[in-house]
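Contents: one structure, followed by commentary.
The values are calculated or read from the model by the stated rules, or taken from the named source; none is laboratory data. Please read these numbers as outputs of a predicted model, since none were measured by experiment. Counting neighbours? That spans all protein chains shown, and the Cβs are built from the backbone with ideal geometry, glycine included.
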Amino acid sequence: MADTASLTITIQAPHETCWDIATDFERYPEWAKDVKSAIVLARDEQGRATQVEFRTSALGRSTHYTLAYDYSAAPARLSWHMVSGDIMRAVDGAYMFSPDNAGGVVLTYNLSIELVVPLPGFVKRRAEVRILNTVKELKVQAESTR
């Protein structure tokens, strides 16, 4: 059974800045604490990353997974699904961007993860907090670059 997490935050930065940070996967290790490496494996004809291999910290260990990105609703939505992974069966997620009234962006992040091995509830909650912190780190990065 998949576990889900969601977070909606307002970012005081232009949409283009938020989008650029969210899609510059190779720079994630610079601002996302738990991302140790991100390697673009494939790009589309517009040069956008369509497959990215990540190595992240997860529950006290390192995990590897590859995500495939879908730009069909860009620039309002960036979605992804897992192609391969070591501790997960499935990962599906999306960033959804909408303008706020002050010139910033409302970012909604949705994620669904199915792990290979079930975990106790308290461990899942701790992992969820760390995953959602990455979205907050994106906010800090966007607001510091404007």
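Which residue out of Val106, Val135 is assigned to a strand (DSSP E or B), at pLDDT 85 or above and more than 12 Å from Asp3 (Cα to Cα)? Full working, then the answer.
Numbers: Val135 fails: assigned to a strand (DSSP E or B).
Exactly one residue qualifies, and that residue is Val106.
Given the criteria of a type in the set (Asp, Glu), farther than 28 Å from Ala13 by Cα and modelled with pLDDT under 95, does Asp86 qualify? Talk me through it step by step, then tell me what you get.
On the way: of a type in the set (Asp, Glu): yes; farther than 28 Å from Ala13 by Cα: yes; modelled with pLDDT under 95: yes.
In short, yes.
Filter region 21-58 down to residues that are part of a strand (DSSP E or B), hydrophobic (A, V, I, L, M, F, W, C) and surrounded by 17 or more Cβ atoms within 10 Å (Cβ to Cβ), then give me how many there are.
Filtering region 21-58 for residues part of a strand (DSSP E or B) gives 35-43, 49-58.
Now narrow it down to the ones that are hydrophobic (A, V, I, L, M, F, W, C): 35, 38-42, 49, 52, 54, 58.
Filter again for surrounded by 17 or more Cβ atoms within 10 Å (Cβ to Cβ), leaving 35, 38, 49, 52, 54, 58.
Total meeting the criteria: 6.
Can you work out which of the residues in region 8-20 that are buried (at least 17 other Cβ atoms within 10 Å of the Cβ) and either of a type in the set (A, V, I, L, M) or in contact with a Pro (Cβ under 9 Å, 6 or more places away or on another chain) (or both) is nearest to Glu114 (Cα to Cα)?
From region 8-20, those buried (at least 17 other Cβ atoms within 10 Å of the Cβ) are 11, 13, 15, 17-19; that's our starting set.
The next check asks that each one be either of a type in the set (A, V, I, L, M) or in contact with a Pro (Cβ under 9 Å, 6 or more places away or on another chain) (or both); those that pass are 11, 13, 15, 19.
Values: Ile11: 29, Ala13: 33, His15: 31, Trp19: 27 Å.
That would be Trp19.
Restricting to region 4-53, count the residues that are over 19 Å from Val140 (Cα atoms), touching a residue at least 24 places away in the same chain (Cβ under 8 Å) and in contact with a helix residue (DSSP H, G or I) (Cβ under 6 Å, 6 or more places away or on another chain).
Residues in region 4-53 being over 19 Å from Val140 (Cα atoms), touching a residue at least 24 places away in the same chain (Cβ under 8 Å) and in contact with a helix residue (DSSP H, G or I) (Cβ under 6 Å, 6 or more places away or on another chain): 3 in total.
Return yes or no: is Glu45 more than 21 Å from Leu132 (Cα to Cα) and charged (D, E, K, R)?
On the way: more than 21 Å from Leu132 (Cα to Cα): yes; charged (D, E, K, R): yes.
When the stated conditions are applied, Glu45 passes them.
Out of (1) among the β-branched types (Val, Ile, Thr); (2) out of contact with any helix residue (DSSP H, G or I) (no Cβ under 8 Å at 6 or more places or on another chain); (3) touching a residue at least 40 places away in the same chain (Cβ under 8 Å), what's the single condition that is false for Thr56?
Condition (3) is where Thr56 drops out.
Filtering region 59-76 down to residues that are assigned to a strand (DSSP E or B) and among the small types (Gly, Ala, Ser), which residue is modelled with the lowest pLDDT? It would help to see each step written out before you state the result.
Our first condition is that a residue be assigned to a strand (DSSP E or B); within region 59-76, this holds for 61-70.
Checking which are among the small types (Gly, Ala, Ser) leaves us with 62, 68.
Numbers: Ser62: 84, Ala68: 98.
By that ranking, first place goes to Ser62.
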